[in-house]
Amino acid sequence: KAKRGLLYTKFVEVVAKKSKKIEHGKVYINASYNNTTVTATDAGGNVLAWASSGNLGFKGSKKATPYAAARVAEVVAERVKKFGIQDVSIYVRGVGSGRESAIRAIINQGMQPRMIKDVTPLPHNGPRAKKPRRV
């Protein structure tokens, strides 16, 4: 139990990650109408690098452009290159305009796509529809 008046602090030792050789990774592209996010993980799902178009300085409607998505994918690919990833599984989610340009940018950075899968969620009917508008 902590005593009143005394300050207990917990010291956490930060250990630098060893740059281990990872041959296969996963890349998740989330392309919404407003933004594009790219996350790269190892095979176990541990995040190695991520970026978004807002993170790179794009503002407003420019965040959802294919150019911004390509830049985001290039930045993530550059950060992940130090881990030695050669082939990746690409998972694409969302209906934004940056989907295909992000995939192309990853391939252009020298990573071989092992698989490209669309994981966009589809509603199985969804919530009740609005009543018809009377004019």
Within the stretch 20-36, can you find the residues that are among the hydrophobic types (A, V, I, L, M, F, W, C) and closer than 19 Å to residue 112 by Cα?
-> 22, 27, 29
Residue among 114, 79, 104, 93 that is surrounded by 17 or more Cβ atoms within 10 Å (Cβ to Cβ) and either modelled with pLDDT of 95 or more or more than 12 Å from the chain's Cα centre (by Cα) (or both) = 93
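The values are calculated or read from the model by the stated rules, or taken from the named source; none is laboratory data. Here the structure is a predicted model, which is why all the values come from computation and not from measurement. So basically every Cβ, Gly included, is an ideal-geometry build from the backbone, and we count neighbours across all protein chains shown.
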